1. How do the strands (runs of 3 or more DSSP E) wholly within the range A:261-376 filter down when requiring 2 or more residues that are within 29 Å of residue A:497 (Cα to Cα): which remain?
2. Restricting attention to strands (runs of 3 or more DSSP E) lying wholly within the range A:151-206, give those where 2 or more residues are β-branched (Val, Ile, Thr) and open to solvent by 30 Å² or more (accessible area, probe 1.4 Å).
3. Which pairs turn up if I take residues in the range A:7-24 that are more than 12 Å from residue A:72 (Cα to Cα) and look for partners that are in a helix (DSSP H, G or I) with beta carbon separation below 6 Å, at least 6 apart in sequence or on another chain?
4. In the set B:68, B:110, which member is touching a strand residue (DSSP E or B) at 6+ places or on another chain (Cβ under 9 Å) and modelled with pLDDT of 95 or more?
5. If the requirement is being part of a strand (DSSP E or B) and facing chain A (nearest Cβ under 9 Å), which of these qualifies: B:70, B:81?
6. Residue A:224 fails exactly one of the following numbered conditions: (1) over 15 Å from the mean Cα position of the chain (by Cα); (2) at pLDDT 95 or above. What is the number of that condition?
7. Restricting attention to the range A:241-258, does a residue exist that is touching a residue at least 12 places away in the same chain (Cβ under 8 Å), open to solvent by less than 10 Å² (accessible area, probe 1.4 Å), more than 14 Å from chain B (Cβ to nearest Cβ) and more than 23 Å from residue A:108 (Cα to Cα)?
8. Give the number of residues within the range A:207-240 that are outside any strand (DSSP E or B), within 14 Å of another protein chain (Cβ to nearest Cβ) and of a type outside the set (Ser, Thr, Tyr).
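The values are calculated or read from the model by the stated rules, or taken from the named source; none is laboratory data. Everything quoted here is computed from the prediction, not taken from an experiment. Using ideal geometry, Cβ is built from the backbone for each residue, glycine included, and neighbour counts are taken over all protein chains shown. These accessible areas exclude ligands, DNA and RNA; they are computed on the full protein's heavy atoms, side chains included. Shrake-Rupley method; radii C 1.70, N 1.55, O 1.52, S 1.80 Å.
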Amino acid sequence: MADPVTMTINGREIQAAPGTLVIEAARKNGIEIPSFCYYEGYSLQAACRMCLVEVEKAPKLMVACTLPVAPGMVVHTESQKVKDARKYTLEFLLTNHPLDCPVCDKGGECELQDMVFRYGAGESRFTEEKLHVQEQQWSPVVFYDGPRCILCFRCVRACNEGMGVGALGVVNRGSVSLIAPNHGDHLECDECGQCIDICPVGALTSGTYRYQTRPWEMEHTGTICTHCSNGCKTTLGVRNDKIIRGNNRDRSGINGEFLCVKGRYAFDFYDHPERLQSPMIRVNGKLEPVSWSKALKHVAEKFSEIKARNGKFGVIGSNHTTNEENFYLQKFVRQGLGSNNIDHKRTGDVVTLIDALSGTTGTLATTADLYEGKTFLILGADLAIEQPFLSFQIRASMRHHAAKVFVVTSKEVREDAYAKKSIRKAAGSEIEALEELREALAAESDLVIVFGSSVKGEAVRKLVAFGESLGKPVKYCALVDYSNSRGAVDMGLMAELHPGYHPSETPGMTLPEMLADETLDALWVINENPLEAAGLASDKAFVVVQDLFLTETAQRADVVLPSASAYEKNGTVTNVCGEIQRLQKAVTVMGTKPDLEIIGLIAKEMGLAPAMGPWVSETVYGEIRRSVKGYDIALPLVAMAAQQTAPVNGRVNVADKSALIQGAHETLFTSGTLGRYSKVLNSVIEKRAGMSLAAQEESHV
Amino acid sequence: MANSLTDVFGAAAAVAKGMSVTLREMMSPTVTENYPDEPPKFQERFRGAHVLQRDENGLEKCVACFLCAAACPSNCIYIEAAENTELVRISGGERFAKTYNIDYNRCIFCGYCVEACPTDAITHGHGFEIASYNTSTLIYRKEDMLAAVPAGAKPPVVHEPAEAGAH
């Protein structure tokens, strides 16, 4: 590292690394230099002139956002000349900016409003009429109000650089410049809404939050998005027990301010009109609403009866429920019901990876590693579509430290555009391309390997062996598909594995085996929809379903128990990289109960409550800490920030069941059952078109 | 003797003096108001029950900016906003107050809301007969506070959106 540069800002001597921009150096030392167009992480624009500072021996004011520090440089940021310049800049920005703050959605959290308050002149000297352009709707979730735009081009850069989509551009010149979408009058993009978030004024507004409320009227609950496995933190704005918006402007959590369309908008499934709000029991072939006590009693009686005659239970856990719920469920099934027939929909081969890593120098990657790494190998995954945050991290790494990306997939993916090398291999045979890449990878200092569900079983072992043979630190990430898929594996929702990857002495039935078993006596499904794709072979099975909606599985059920979504409960979830994060309850939906409580109440009705312990998430987490290796992390730490769990504890000695693994391949606009009931996801044009973005681009060529 | 005479005249003078005040006041206009037999008179700036104003076209001035609710020290204003559409135009701006409640159980008539209002939509009227035996009637809705449509104004479209108001 080069020697730091010593310079003076406002009479204070400060040190900064060579090449640092004056604005950054000042901010790092607690000196505020206002700016609109300068945005950490994106390219420099120097468009807004807000960051003008006085540099001694320079004839004019200098733009701090493009000025690198130099030895002996003397900068003044609060001189009268600078203050005047800021005032005039704001006066110019306001020449066409309408003063409709009372109706503007940004009012109260608007950077321009704050700046004018702090640095601006009280009155404008302009008497000319303001330019007016009609407001446009670009998509169901993005509105553009031209006159409010101050042309900082943050949205353009966020879309181009951050998302790699490039759906926004600038048309015209000078004061009549406008931001324009890629398809004439509408957007065809990821609909991630980052342009809305990053807009310092109310030029880009959200179609769902629009005119609903004002920022200070909401209570904000920081929780974890319940869709894909990336585990982005989303801060939900709640008013009157209704979730109004999701964003993450405070940059807390692993994802900073990144959110995809699902994290930002697709919380809306929670108050879908078809949401179940009362338990139901099948009476004369029809599901009839009943009270909770009656439904729970019925389930408990049936379960007790089946248990007494040594009947066969089949329990299917969820990819969305919390670690506490998963742990409590498997404990109840294994100890309470005395069955090992518990499983979940497996979407990635974490088990083989952990087994293969045992005794090697390889480790599991964190989401931060996906930004800090210098070389990436993506195997069999359409990252930008299926794992949007991981893809965002790798793109940022590529932009900021010229990371090299290698891609081996069966079809074209967006990463091809900036990959050093892209190789096409049929799904399942991706590792055949490894030798081809050996030379290129061996030349790099480190490597992060991300692989999708098509790389499983023996292929994972070969992959780890290949990584080991490179002789450099290699980190791995086995992609899974849903918000707590990883947690479900860790918590032992597996026929052959107990929590913490302890092999079961008497492995139970796996999910397909349960469905195919004609002698199954009871099937208990928690927030999963296995009967969507497959039939249930056993006619006599007593089916209990806990779900948010009347899914195909719930329609077959004998008892349906309405459960709470992730936004309605506390607990922890583990993301694709094994990072544990905390869910916080944002709202309550009438008639529902969290799955943990439902399982606990069934146990209570069966007289098993003393053995199972209290169904309080904090207490259950305490038990997880004591019994699941790698999860010994204090809850206050988890509440503060995501914590990496380290479940690598030697060999996982079980039969290879990787054949059961099936990637869900959810796109940006689908999310299993939850996606079906999200109005926003179903309203965007990209979803209606029914194609991935890559496919659309092909069709445009 | 002389003393008693002085007393008599002195007393008479005092009575006359006192009566002169009485007689003078009898002639002057009364200050006491004859409420409730007659309507009371108010100072112009009296802060009474709120009135939500309309503009010259009869549209509501309130654009649901929530500034009154933010300024309110007793937290008695509750607003739900909604967007004007081409079919249903309630206010002059893009947004209007779908629900606008003032809880007079809590209101302290401080006038901060009126001061905060950027569109002069909320004002203090002279209404004061708010007392009630039933506190639930003290929550005034938008309809209770809206000014009448001015004469000659093109009346606003009145059909309300489906879920308006029920709070």
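1. A:313-316
2. Numbers: elements: A:168-171, A:178-181, A:204-206.
In the range A:151-206, A:168-171 are the strands (runs of 3 or more DSSP E) which contain 2 or more residues that are β-branched (Val, Ile, Thr) and open to solvent by 30 Å² or more (accessible area, probe 1.4 Å).
3. From residues that are more than 12 Å from residue A:72 (Cα to Cα), there are no pairs.
4. Result of the check over B:68, B:110: B:68.
5. That would be B:81, the only listed residue that is part of a strand (DSSP E or B) and facing chain A (nearest Cβ under 9 Å).
6. Of everything listed in (1) over 15 Å from the mean Cα position of the chain (by Cα); (2) at pLDDT 95 or above, residue A:224 misses just condition (1).
7. Taking every residue of the range A:241-258 in turn, at least one turns out to be touching a residue at least 12 places away in the same chain (Cβ under 8 Å), open to solvent by less than 10 Å² (accessible area, probe 1.4 Å), more than 14 Å from chain B (Cβ to nearest Cβ) and more than 23 Å from residue A:108 (Cα to Cα).
8. Matching residues across the range A:207-240 total 9.
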